[in-house]
Amino acid sequence: MAKEYITTRNIAGPLIVVDSVEKATYGEIVEIKTADGSIKRGQVLEVNRDRALIQVFEGTSGLNLGDTKIKFLGRGVEIGLAPSILGRIFDGFGNPIDGNPPVIPEKKSDINGVPMNPYARNYPSEFIQTGISAIDGLNTLVRGQKLPIFSGSGLPHAQIAAQIARQAKVRGEGEKFAVVFAAMGVTFEEANYFINDFKETGALERSVMFINLGDDPVIERIATPRFALTTAEYLAFDLDMHVLVILTDMTNYCEALREISAARKEVPGRRGYPGYMYTDLATMYERAGRIKGKKGSITQIPILTMPEDDKTHPIPDLTGYITEGQIFLSRNLHQQAIYPPIDVLPSLSRLKDKGIGKGKTREDHSDVLNQLFAAYARGREARELATVLGESALTKTDLIFVKFADRFEQEFVKQDPYEDRSIEETLDIGWKLLSMIPVGELKRIRPAFIEKYLKKYLKQEEEANASQR
Amino acid sequence: MEERTGTIVKVAGPLVIAEDIPGAKMYEMVYVSNKRLFGEIIEIKGNLSSIQVYEDTSGIGPGDPVFSTGMPLSVELGPGMIGSIYDGVQRPLDVLKEKYGDFIVRGSYEPALNRTKKWHFKPLVNKGDEVVQGDVLGEVQETLAITHRILVPVGISGKVKEIVKEGDYVVEDVIAKIETGNGTKEVKMYQKWPVRIGRPYLKKLPPVRPLITGQRVIDAFFPIAKGGTACVPGPFGSGKTVIQHQLSKWSDADIIIFIGCGERGNEMTDVLTEFPELKDPRSGRPLMERTILIANTSNMPVAAREASVFTGITMGEYFRDMGYSVALMADSTSRWAEAMREMSGRLEEMPGEEGYPAYLASRISSFYERAGRVIVLGSKEKEATLSVIGAVSPPGGDLSDPVVQATLRTVRVFWSLDAQLAYARHFPSIHWLRSYSLYADSLADFYRKEMGEDWIDMRKEAMRILRREAELQEMVRLVGIDALSSSDRLTMEIARSIREDFLQQNAFMEEDTFTSLKKQYRMMKLIHLFYEYAKEALEKGVDLDKIVELPVRVDISRAKLIPEDNLEKFDEIEKKMQEEFDSLIKEVQYG
């Protein structure tokens, strides 16, 4: 039987220091019995000879120096996994909160996981249709990708994430599909929004939820996404399912990380966040992907709210360097009542090129995408100029581009939260809008596609003009 | 041999402190605990040694043993490296997958070079020949594209006492014995070299030839020399990785070493799936036959990331010593610097700027200084080059970042990536006004000879137009486009044409991804001619709007899609351009 130590020497914030420990190891989990008999858990952060530094997950309130008993369990944090985990709701530390008994595990896994061998990876290239034009058409999501939503406080990121979870599908396949949802430090209302939305659409039975609310222990947040991702790996690579992981809100996670770092008195990096935050985030984001020879996949949609909408803040900045693109929400569009308020210019999907085109979406997708981007960028630039100098300062062509940019936002980007557009519909809206622009300016589209796809819209436009006259 | 051991006293993440390692040396390689995790001694204080461990240290604690090896962290150099994918400490990831599965298990180990594969060795010296270090003993056709030359190891010179006959050997076989003043030395097909020490050469020379990349903005405006150094800083999403991939695909180097240092796993997979299928435009062989990949992705242990750039550059130097031109891409050096910062923090060193260690700048410059055009060791005077291109990922794209600043002080080419260009999908998003190449002048002779006497002037003119455009844009922002004279508006049109029809290049379009120097010349010439004709037409009273709307402009904009084997098409466009201008001028003259 493992020894219990009563040699706690220091308690500071979420950390305690225990002396005279025999044989503690780095990363091992401990059980902490407080004076009133309740049990907390912690993890060894550092061990120096017989002294161990322990981070307490449930917070250190109620601990004292004399009566606290510490037991070292000799293993890392683990989660019990079995197919029956689907449909369950847990707290941020993997305890069921849906009133049902714990899952009887078939397998136990360390929540930290191990890095995937890059050689074993399979390059993500299967198009996921989300039914949202701004994503499907311009920032295409593929299976195995990690594509975060960069949002701000007050923007409808939760609705977008829920819409993606509702509508996401790979076309022409009836494969097993699951959603793993991890909430870190969100409000009860936000968590409840997801639970209800999943319930209403029947998605709950193929979901696993880990909920750490704003008033739950901060330190638990470090573990919550890791529980979710370990579950996702099990569903994807042991049970061959296609898993969509939604992590919200990564900003709260990073703040928890900073809190621990400060408690440990580490040298702070930018804005007080620890220097290893990049690596720490990477060990989670990189758990998305596909493996050669395995059927399942993990697609990640982390959500983060940018403090002051500033994308150079360390959290979005480091995230952007790890993830394969980002979906950028714009306050400006939101104020114009455009849903989803996705600003397509700073948004990006790095994996789109292999996921679109003939056999995946449609042959003209790549050209249309490039042209829509270029035209919208030019229209926006001209629109800014017009606000300063007035429309008379613009050339005739630039005026057309301004009109294009307006219609692009109203017709292409804007759609209903329950509108599920097919990729063909999305591309056709794109063509319709491009038909406003003189053909000579469509430099990014191969002439053959102009011939094939643009003609009918040009004719419509002519007819419309004729009837006006 | 009984291994000598020490005992762990402290574990904090990737840093382990052990006491009483007998004969501990700086940068000595050790195995930590009975799990035999790979580590390196980075600090010695009395009987305590600090060890950076290249694998996750969970489950390791005080009392566990540390085994010393007496060897510094080294790489194996020999046949079998080409086409491989290694991690930061040269473990072969393909072999690890076969043996241990899809995830990287701790303590897994496999030698970097296959011990059982036979290579066909052809001797090139005879018994009795005098050889010096760096001389070629024989060769192995490693891939169809690359002949692997087996060199006399550094530090060995003398008479060949034995050399094996042509035949098939494994890397461990002794292929020669050399009698030196210091006894007889056995030479195998592979050798080991400590990664933190640069391999020696005879003499360093200034670079004189460009590394031709097929990327128009680079070759035409900001060339890098063979043996030169370049850096690509930019915020995320500005296309650093695509540029690095493009360079490793299309550069006219003999060997490419690509280091994925703390970056995305899927990017390495992309290279692994794409390169075997792409053909080198010069040799016609799959690109993988000249490529070595080093993948230490962001989720792999941070200490191995610190080692990965040294592992890569040592391999580069080894191929350079065979006489090849080698190009090394490191993506991204910021992650390497962060790994240094993390280790430094755990060592509780006094931090410098932004928490980076004070020795950041000297480490960066000592890495880039291993590049160069050199005369390699050996009795025959042989020239070879090692070029280094490093991506930098500054936080928020802010160029005042210490890593960017330290890098800029040492590299000669600066490709500044711009987020605004990337948003407008102008790729490569290398900003023409902020970037520079200090090689542009020393390479001018080469360009005159290869591309035509007027190339340098055309290039300067184009740059002048782009600069002028930036000034004019300021004016337009204040007073509107109508306030500009026709000739200024023409300049803006031409600048737009240079940007869109020349500088923009689509890496994902087959016809556009690589442009030969010849085609670059023709494309530039087309825009240049149009400008000349247009100026003349303006003088003769032609309305600017008519010039701008000439049909030939569509041809100019599509010129990038003209296939490399059909460059005569340019003659047709030039002719069409002349005709259209002639008729415009006629219209004015005869009403």
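The values are calculated or read from the model by the stated rules, or taken from the named source; none is laboratory data. All figures in this text were calculated on a predicted structure; none of them were measured in a lab. All Cβ positions, glycine included, derive from the backbone under ideal geometry; neighbour counts span all protein chains shown. Each accessible area value is taken on the protein alone, full model and side chains, heavy atoms only, with ligands, DNA and RNA left out. Shrake-Rupley method; radii C 1.70, N 1.55, O 1.52, S 1.80 Å.
Quick notes on this one:
- The set of residues from region B:176-220 being out of contact with any helix residue (DSSP H, G or I) (no Cβ under 7 Å at 6 or more places or on another chain) and of a type in the set (F, W, Y) comprises B:Y190, B:Y201.
- Residues being at pLDDT 90 or above and surrounded by fewer than 17 Cβ atoms within 10 Å (Cβ to Cβ) - total across region A:18-32: 3
- Any hit, region B:571-591, residues being within 26 Å of B:W455 (Cβ to Cβ), surrounded by 15 or more Cβ atoms within 10 Å (Cβ to Cβ), hydrophobic (A, V, I, L, M, F, W, C) and within 36 Å of the chain's Cα centre (by Cα): no
- Per-region count, region B:1-36, residues farther than 19 Å from A:L45 by Cα, in contact (Cβ under 8 Å) with a residue 40 or more places away in the chain and assigned to a strand (DSSP E or B): 5
- Restricting attention to region A:273-295 and to residues that are of a type in the set (A, V, I, L, M, F, W, C) and farther than 17 Å from A:S125 by Cα, the residue that is surrounded by the fewest Cβ atoms within 10 Å (Cβ to Cβ) turns out to be A:M277.
- Test set (1) in contact (Cβ under 8 Å) with a residue 40 or more places away in the chain; (2) within 14 Å of another protein chain (Cβ to nearest Cβ); (3) among the hydroxyl-bearing types (S, T, Y) - B:S251 fails condition number: (2)
- Selection from region B:288-316 of residues that are more than 10 Å from chain A (Cβ to nearest Cβ), over 13 Å from B:D254 (Cα atoms) and of a type in the set (D, E, K, R): B:E306
- Qualifying position, being touching a helix residue (DSSP H, G or I) at 6+ places or on another chain (Cβ under 6 Å), closer than 26 Å to A:L213 by Cβ and aliphatic (A, V, I, L, M), among A:I79, A:I89: A:I79
- Within region B:121-148, the set of residues being acidic (D, E) and in a loop (DSSP other than H, G, I, E, B) comprises B:D129, B:D135, B:E142.
- Candidates in region B:1-51 are the residues that are at positive phi, small (G, A, S) and away from chain A (no Cβ under 14 Å); of these, the one that is most open to solvent (accessible area, probe 1.4 Å) is B:G46.
- Odd one out for B:L272, checked against (1) aliphatic (A, V, I, L, M); (2) in a helix (DSSP H, G or I); (3) facing chain A (nearest Cβ under 9 Å); (4) closer than 23 Å to B:T407 by Cα: (4)
- Taken over region B:352-378, the criterion of being among the hydroxyl-bearing types (S, T, Y) and loosely packed, with under 15 Cβ neighbours inside 10 Å is satisfied by B:Y359, B:S362, B:S366.
- Residue in region A:384-405 that is nearest to B:L544 (Cα to Cα), counting only those that are free of Cβ contacts under 8 Å to residues at least 12 places away in the same chain and in a helix (DSSP H, G or I): A:K396
- Summed over region B:230-242, residues that are open to solvent by 10 Å² or more (accessible area, probe 1.4 Å) and either on the phi < 0 side of the Ramachandran plot or among the acidic types (D, E) (or both) total 5.
- Top-ranked residue in region B:69-90 [being over 20 Å from B:I42 (Cβ atoms) and assigned to a loop (DSSP other than H, G, I, E, B); ranked as nearest to the other protein chains (Cβ to nearest Cβ)]: B:S84
- Residue list for region B:534-556, restricted to those being surrounded by fewer than 21 Cβ atoms within 10 Å (Cβ to Cβ), assigned to a helix (DSSP H, G or I), touching a residue at least 12 places away in the same chain (Cβ under 8 Å) and over 41 Å from the mean Cα position of the chain (by Cα): B:K535, B:E536, B:L538, B:L544, B:K546
- Residues that are hydroxyl-bearing (S, T, Y) and either surrounded by 23 or more Cβ atoms within 10 Å (Cβ to Cβ) or farther than 21 Å from B:P206 by Cβ (or both), drawn from region B:391-438: B:S393, B:S400, B:T407, B:S416, B:Y423, B:S429, B:S435
- One residue stands out among those in region B:443-498 that are away from chain A (no Cβ under 13 Å) and not in a helix (DSSP H, G or I): the one that is farthest from A:K396 (Cα to Cα), which is B:L443.
- Residue in region B:325-341 that is basic (K, R) and open to solvent by 20 Å² or more (accessible area, probe 1.4 Å) present: yes
- Scanning region B:255-264 finds no residues that are under 29 Å from A:N139 (Cβ atoms), at pLDDT below 90 and either assigned to a helix (DSSP H, G or I) or open to solvent by 20 Å² or more (accessible area, probe 1.4 Å) (or both).
- All positions within region B:92-106 that are without any contact (Cβ under 8 Å) to a residue 40 or more places away in the chain, open to solvent by 10 Å² or more (accessible area, probe 1.4 Å) and at the interface with chain A (Cβ under 10 Å from one of its Cβ atoms): B:D94, B:V95, B:K97, B:E98, B:Y100, B:G101, B:D102, B:F103, B:V105
Residue-wise test of (1) away from chain B (no Cβ under 14 Å); (2) over 21 Å from A:R258 (Cβ atoms); (3) in contact (Cβ under 8 Å) with a residue 40 or more places away in the chain.
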{"residue": "A:T8", "(1), (2), (3)": "yes, yes, yes"}
{"residue": "A:I11", "(1), (2), (3)": "yes, no, yes"}
{"residue": "A:L15", "(1), (2), (3)": "no, no, yes"}
{"residue": "A:K33", "(1), (2), (3)": "yes, yes, no"}
{"residue": "A:V44", "(1), (2), (3)": "no, no, no"}
{"residue": "A:E58", "(1), (2), (3)": "yes, no, yes"}
{"residue": "A:S61", "(1), (2), (3)": "yes, no, no"}
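- Screening the candidates A:E255, A:E266 for the property of being more than 10 Å from chain B (Cβ to nearest Cβ) and open to solvent by 10 Å² or more (accessible area, probe 1.4 Å) yields one hit, A:E255.
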